[in-house]
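Student: First the structure, which I've put down as structure tokens, then a few questions once you've had a look.
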Amino acid sequence: MKNIERFIFDLDNTLIFQDFTDEKEYFNDIFKNNGKYFNDNLNIWLKEYEATHTRYDREMLRKFLEEKSKLPISKTIIDGWLQVSINSNYEIEDTAIEVLEYLKSKGKNIVILTNFIRDVQVQVIKNSELFPYITDIYCGDYLKPNKESYYESIGNYDIKKCLMIGDNYEKDYLGPRNIGLNSILYDRNDRYKNVKDRIKSLRKIKEL
Ligand SMILES: [Mg+2]
């Protein structure tokens with residue numbers, strides 16, 4: 001770790017584990033009998049959105065979800081959902097604060113690179129205990145695994161002195177490697193036994 005100066009963290013399911021209970025309730029209230037159908041498919045649609053778009057945009061996402069679900073989705077519904085998402089409960093990874101504190105004490109630079117609507121992610125981070133440790137948030141201009149997303153998150157740093165850490169094999173592990181950016185897979189549930197550079201707890205970063 002001595003030669004790493006900038007640590008680029010993914011947010012969701014790496015530093016933060018969101019509780020989707022309120023989000024599901026919100027859509028059940030809005031769509032009534034179709035609520036379960038919408039909730040069951042939302043993640044699939046979001047994955048499809050990410051695979052077919054270069055960035056997140058409220059209006060583009062609204063149109064996309066309306067087409068996919070065949071339900072009428074207004075701007076108000078989207079705005080309400082994202083507000084619920086900002087205010088949802090979440091847990092911070094057990095060792096995250098300890099690790100960020102450690103990295104900061106070593107003079108390391110810490111940023112976040114995440115895929116979703118920018119103002120939602122920024123607000124979630126600002127409301128969390130993570131915020132004092134983070135110098136920059138990269139979100140929205142380019143979605144991972146678009147190369148530009150990684151280049152943006154590297155900033156003025158030497159690529160060899162940066163390291164990406166995240167839970168998604170394509171977006172946080174392979175994508176960075178494809179441009180020569182060091183990466184570590186955060187494999188909390190021990191699902192990627194064949195991946196060489198993986199950790200099951202963020203605490204392992206301190207031992208690198
Ligand atoms: Mg993630």
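Student: With respect to the cross-link table entries 47/144; 24/144; 24/70, which display a Cα-Cα separation exceeding 23 Å?
Tutor: Listed pairs above 23 Å: 24/144.
Student: Calculate for the chain the 222 nm mean residue ellipticity that helices alone would give, adding -39,500 (n - 2.57) per DSSP H run of length 4 or more and normalising by residue count, nearest 500 deg cm²/dmol.
Tutor: Mean residue ellipticity at 222 nm (helix-derived): -12000 deg cm²/dmol.
Student: Taking the alpha carbon gyration tensor of the chain, what are the square roots of 5 times its eigenvalues, largest first, to the nearest whole Å?
Tutor: Each semi-axis is the square root of five times an eigenvalue, giving 31, 18, 16 Å.
Student: Mind checking the dipole of region 21-87: about its Cα centre, +1 per Lys or Arg Cβ, -1 per Asp or Glu Cβ, Debye to the nearest 20? Working shown, then result.
Tutor: Values: 11 positive and 12 negative charges, 36 e Å.
In debye, rounded to 20, region 21-87 gives about 180.
Student: Report the extension gain between residue 136 and residue 178 in nm, rounded to one decimal, defined as 0.36 nm multiplied by the number of residues separating them, less their alpha carbon distance.
Tutor: 12.8 nm
Student: Output the pairs from 2/104; 106/147; 126/160 with a Cα-Cα distance over 21 Å in this structure; if there are none, say none.
Tutor: 106/147; 126/160
Student: Sticking with this structure for a sec: Using the Karplus equation 6.51 cos²θ - 1.76 cosθ + 1.60 (θ = phi - 60°), what ³J(HN,Hα) coupling, rounded to whole Hz, does each residue of region 177-188 give in order, writing x for Gly and Pro?
Tutor: So the Karplus estimates, Gly and Pro as x, are 4, 4, 10, x, 9, 4, 8, 10, 8, 8, 10, 4 Hz.
Student: Tell me which lysines have Cα within less than 17 Å of residue 193's Cα, excluding those fewer than 8 residues away on the same chain?
Tutor: Answer for residue 193, where 17 Å is the Cα cut-off: 204, listed by chain and number.
Student: For a label point 7 angstrom out from the Cα of residue 189 toward its Cβ, which stretches of region 135-172 have the backbone nitrogen within less than 14 Å?
Tutor: Those under the cut-off are 167-169.
Student: Expressed as a whole number of Å, what is the distance separating the alpha-carbon centroids of region 88-107 and region 135-200?
Tutor: One Cα centre to the other: 18 Å.
Student: Mind checking the full-extension length gain between residue 151 and residue 59? Use 0.36 nm per residue of separation minus the Cα-Cα distance, one decimal, nm.
Tutor: Once the chain is fully extended between residue 151 and residue 59, it gains 30.5 nm.
Student: Report the residue, chosen from 122, 195, 111, that carries the largest GNM mean-square fluctuation when the chain is represented by alpha-carbon nodes joined by springs under 10 Å.
Tutor: Its mean-square fluctuation being the largest, the pick is 195.
Student: Got a sec to turn the phi values of region 16-29 into Karplus ³J(HN,Hα) couplings, 6.51 cos²θ - 1.76 cosθ + 1.60 with θ = phi - 60°, whole Hz, x for Gly and Pro?
Tutor: 10, 10, 7, 9, 8, 4, 5, 4, 5, 4, 4, 6, 5, 5
Student: Give the aspartates and glutamates reachable from residue 75 as a straight Cα distance under 18 Å; neighbours fewer than 8 places away on the same chain don't count.
Tutor: Within the straight-line cut-off, residue 75 pairs with 23, 29, 57, 59, 66, 67, 119.
Student: Beta carbons within 10 angstrom, averaged per residue: use that to sort the peptides 179-186, 66-73, 14-21, highest first.
Tutor: Ranked from most to least packed, the peptides come out as 179-186, 14-21, 66-73.
Student: Given Cβ point charges of +1 (Lys, Arg) and -1 (Asp, Glu) and nothing else, what value in debye, to the nearest 20, does the dipole of region 141-208 about its Cα centre take?
Tutor: Dipole size: approximately 400 debye.
Student: Simple spin-label model, 7 Å along Cα-to-Cβ: residue 88 to residue 51 in nm?
Tutor: 2.1 nm
Student: Between residue 160 and residue 71, with labels modelled 7 Å along Cα→Cβ, what's the label distance in nm to one decimal, could you check?
Tutor: 5.2 nm
Student: Nothing charged except the Cβ atoms of Lys and Arg (+1) and of Asp and Glu (-1): what's the magnitude of the dipole of the chain about its Cα centre? Round to the nearest 20 debye.
Tutor: Result for the chain is approximately 680 debye, rounded to the nearest 20.
Coordinate-derived values only; no laboratory data. Only a predicted model underlies this, so the values are computations on that prediction, with no experimental measurement involved. For neighbour counting, all protein chains shown are included, and Cβ atoms are generated from backbone atoms with ideal geometry for every residue, glycine included.
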